[in-house]
Amino acid sequence: MSTLYETSAWQYLTVAKVNAINRKCMTLPILNLRSQYARNFHLSWLGFWTAFLSWFAFSPLIPEAVKNDLKLTPQKIGNSNIVSLCATLIVRLIVGPLVDRYGPRRVMAALLVIGAIPSGLAGTVHTAGELYTIRFFIGILGGTFVPCQAWTTVFFDKSIVGRANALVGGWGNAGGGFTFLIMVALYDRLVRDGLSPHSAWRAAFAVVPVPACLCVAAAIMIFGTDHPNGAWENRHDVPPAHMQLSKPQPSADIENLSTQSSVVVISTEKTAIPTEKKQNGEGRGSINHAVEQKDHVRDVMIETSDATSELDVAINEGLTWSSGKSIIFNPLTWLPALAYLTTFGFELAVDANLANVLFNLFHTRNASFGQTKAGYVASIYGLLNVFTRPLGGYSGDIIYRRFGISGKKYLMLVCGVMQGLLSIGLGIYADSAESSLAVVIVLFVLVAVVNEVANGINFSLVPHCNPSSNGFMSGIVGAMGNVGGIIFALIFRFGPAPLGKAFWISGTICAVVNVAIAGIRIPSKY
């Protein structure tokens, strides 16, 4: 694709360079909150981050506080971790079609409000059965992943959608790590301030997760937008790929841009001076020279481009029986879905179980290694998402430029196999008599890096698969991640002792599945 001028790093982070064919952004103007692209980007990851904060709020407090208060056995703890993933599996399948119909912004806000209700009732739990019920309904919040990914796919162009999806997914997933830091620190502070452990863990839910969910939901509805065209109902108001984009517009706001505009640079004062258009042939879009800008910071740049794949012109459509059947029986649907089962599914199980596993492995050797230390160490796995998942998305975008969709596919699968092999090594070492906490940390950090990079690559691939039903597609892939979470959580729950076996059994499954799905081909039209 041609470029109007060489984009500097500052312009890349502040100027929304928009493809006039689909009005999707080709840069990441995340430092310019005047841009709807930046606002929606930040609201997307913040919504998912907040959901994680509530969804996994029990995990850091279970090893001691909740376990002792509710008199939970290790089996009941495992049951509660599995239950918390079951609702998310169901919700992600339901939410996908809702995103295609109503738009990701509204669905994201609705899920946060609905999920805040069981989070507020967490303090009423007194039995294992009540714990299962509350954690099941809190699991609704895990469904926010679908609108999170669909939202950025709607606003960011194919050349950068991998980075956009991976950044919002990674920063959102990091909420799983911050949850350990926040909930453990808050619980300890409440105990120091005089609350009993019985009351402290209950109060922690009312202090953080509930207000966070409600405030972020309100921010999404106030500051977010549905689509580059404005309301979700206007999403079809995009020039078709074959239209010649002819007459340049002298001035406009991006929200009201004519469907036949050429290149326009819009300043902070919404003024621009177009230059003479250069034709480049038979009915194709053209690109103007850069306009002269007088002492204004460039905020938005509109650029025409030829469509080269289905993703360029795809528009979310409501789910029908015919489209649903086509998607379900499309092998390309199951390439990222099965890969995500092994990567994000594994990550969910680790997030839910790592603190408890570390506590049980090392508390007997070192009495000072209690719930607080186990929670802080376990938080590393989730916190790494801040850069690992974005690294995966960036890698996907880079390899796409040279090797196309197939490049994303094989890079994702290689990371999935590496994750499996490293997990096998972690499990074998953790069960050895001479295992140390320091080495265990190094090993699970290595597992986390390739695991989360694979997640990022996966959702740089997903937008290319069934692009006109991106919400449903994201729902299927996200739901399969939860299927994996349940499978791996069952391994941690019922796997034979010692504890390390759960890691090497899970690692074997990951490696085998990623090798098996390598045979799914990418059709040439993609």
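The values are calculated or read from the model by the stated rules, or taken from the named source; none is laboratory data. Because the structure is a prediction, the values reported are computed rather than measured. All Cβ positions, even for glycine, are placed from backbone atoms using ideal geometry, and neighbour counts span all protein chains on display. Surface accessibility is based on the protein's heavy atoms, side chains included, excluding ligands, DNA and RNA. Shrake-Rupley method; radii C 1.70, N 1.55, O 1.52, S 1.80 Å.
Quick notes on this structure:
- Of all the listed residues (I509, I517, I457), the sole one being at pLDDT 90 or above, assigned to a helix (DSSP H, G or I), crowded, with 24+ Cβ neighbours inside 10 Å and on the phi < 0 side of the Ramachandran plot is I457.
- Check on A438, free of Cβ contacts under 8 Å to residues at least 40 places away in the same chain and part of a helix (DSSP H, G or I): yes
- Count - residues of segment 325-343 that are open to solvent by less than 50 Å² (accessible area, probe 1.4 Å) and under 25 Å from L421 (Cα atoms): 8
- Across segment 477-498, the number of residues qualifying as of a type in the set (A, V, I, L, M), open to solvent by 10 Å² or more (accessible area, probe 1.4 Å) and in contact with a helix residue (DSSP H, G or I) (Cβ under 8 Å, 6 or more places away or on another chain) comes to 6.
- Residues in segment 353-367 that are closer than 12 Å to P63 by Cβ and part of a loop (DSSP other than H, G, I, E, B): H363 alone.
- Within segment 1-80, helices (runs of 4 or more DSSP H) holding 1 or more residues that are open to solvent by 20 Å² or more (accessible area, probe 1.4 Å), of a type in the set (D, E) and modelled with pLDDT of 85 or more: 67-70
- Pairing residues of segment 11-23 that are closer than 15 Å to Q36 by Cβ with residues that are open to solvent by 10 Å² or more (accessible area, probe 1.4 Å) and part of a strand (DSSP E or B), at Cβ distances under 6 Å and at least 6 apart in sequence or on separate chains, gives V15/R298; A16/V300.
- Selection status of V462, part of a helix (DSSP H, G or I), open to solvent by 20 Å² or more (accessible area, probe 1.4 Å) and under 16 Å from L335 (Cβ atoms): no
- One residue from I90, I21 being touching an Asp or Glu at 6+ places or on another chain (Cβ under 9 Å) and of a type in the set (A, V, I, L, M): I21
- Yes/no for A489 being within 30 Å of L98 (Cα to Cα) and modelled with pLDDT of 95 or more: no
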